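In what follows, a structure is listed as structure tokens, so that the remarks can point back to it.
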Amino acid sequence: MPETVESDSRTPSPPARAWRQLRRMSVLDRVRLALLLAGLLCAATGLLPRAEVESNMRRIGPLLLFLGSVIVLAQLARRAKVFDVIAHRLAIIGRGNYPALFGLCVLFAAATTMLLNLDTTAVLLTPVMLALAGPARITPLPLAMTTLWLANTASLLLPVSNLTNLLAANRVALDATGFASKMWLPQLISIAATMACLWVFYWRRGRRDTDRYLPPEPVRPADRRERVLLYTTSGACVLFIAAIPFVGDRIGLAALAAAALAILAFAVFDRSALRPSLIPWQLLVFVVGLFLVVPTLSRFGLSDLMHALIGTNSGAAGAFRAAGAGAGFSNVANNLPAYTAGEAVVPAANHNQLLALLIGTNVGSIVTPWASLATLLCLEFCRTHGVRVPMLRFTLTGLLLAGAGTAAAVGGLLLMS
């Protein structure tokens, strides 16, 4: 008799494996996938016309290239300990003095957000700062709130600082230097407001345990391989930052070239780091889904609501209304849909009103945990590192900073005009 081969019942079928992988995903990842599926459904059913689908996808193509490349670059920089070296060196420079450490941490977080991207600050700088708290015996909450707030409020200066900035710069036809010339004063005011609130609510003597901290030991490469990776990846980051004023709307290609340099170094010296997980598929999926779902909702009433909130006044009143609507909608939903929905109703000639909307969605999105992706990511790292963020305190202090910082930054924008 022929021998019967029994199938191994322990081997799960493909649908079962897919279900297990889905169950292992975080709630946030499931929301992103659901948003993408909803967007594809809108496109497939004609709820969003094909011409508009194609237009939106052409618009975000270069943005996806930039986001994917800069996150890969930043993750490899973290693997090469670039951020660890800088964070520990700053703590050593502070010499145990809390006000000095505060200023240095603000400078580090703000520079990372402005010159690389707010997601870099959220994804890579937050865990580095939290890891610094142990060796230096620093209360971790002030460090966490510094990266969380500045990932949002320091994201006004350059088109690369935030995805919404790239959209706004494209809409008002400004390159990096032109955008910075309009936004440097709002950015300075926003950071000053953030520093004041951070110090009063999280860093001053009554909010921490000790008068001084313990300067940690410096982080040094262990061997030649680590030195090469550290210097090469640092050089790639510097080259990308230096290219920003010159590349115009080709910022995605500059980010890709810098990421390719870092990838080449790791391909030679640490190939195990080059995994598919380097690609930030969650962020890319979220952006694609967003740019299909929000335009669809705009066709079915969202545009009317945003138009009623924002109006068409090109003066100061219109700017403050746009900023307030952007901040409010960001904290109800999320700052990316808030910006895209608001942008759709701002008249093309009202540049100040559009930039005020941008300020509202960037600076004002710090009141609720879901108001921005950067806030969600920072809070998730706090949870995994065992750092408790009191939600009532988080909301009330965020509300004060969002209101004061947004209003003051819009005032700075109007002064620049």
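Every number in this text was worked out from the coordinates using simple rules, so none of it is lab data. Every value quoted in this text rests on a predicted model; they were computed, and no experiment measured them. All Cβ positions, even for glycine, are placed from backbone atoms using ideal geometry, and neighbour counts span all protein chains on display.
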Cα lying deepest toward the dipole's positive end in the chain, options T361, T395, S330, charges on Cβ: T395
Charge sum, other residues only, whose C-beta stays under 14 Å from L284's C-beta, Lys/Arg counted +1 and Asp/Glu -1: -1
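Quick check on region 287-415: take the gyration tensor over C-alpha atoms, sort the square-rooted eigenvalues as a ≥ b ≥ c, and tell me if it's rounded (a/c under 1.5), prolate or oblate.
Details: a/c = 2.55, a/b = 1.42, b/c = 1.80.
Verdict is oblate for region 287-415.
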Cα gyration tensor shape of region 49-416, rounded if a/c is under 1.5, else prolate or oblate by comparing a/b with b/c: oblate
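Relative contact order of the chain: what whole-number percent is it, with Cα pairs under 8 angstrom and at least 6 residues apart?
Numbers: 605 pairs, mean separation 94.3, N = 417.
The value is 23 percent.
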Environment charge at T146 (Cβ cut-off 14 Å; Lys +1, Arg +1, Asp -1, Glu -1): +3
V346, V367 arranged by Cβ crowding within 10 Å, fewest neighbours leading: V367, V346
Footprinting exposure proxy for I191, I93 (fewest neighbouring C-beta atoms within 10 Å first): I93, I191
Cα-centre dipole for region 242-380 with unit charges at Cβ (Lys and Arg positive, Asp and Glu negative), debye to 20: 120
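Charges at C-beta only: +1 for Lys and Arg, -1 for Asp and Glu. How large is the resulting dipole of region 49-416 about its Cα centre, in Debye rounded to 20? Before the final figure, lay out each step's value.
Working: 28 positive and 15 negative charges, 164 e Å.
With only Lys, Arg, Asp and Glu charged at Cβ, the dipole is about 780 debye.
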Formal net charge of residues neighbouring C382 (Cβ-Cβ distance under 15 Å; K, R +1; D, E -1): +2
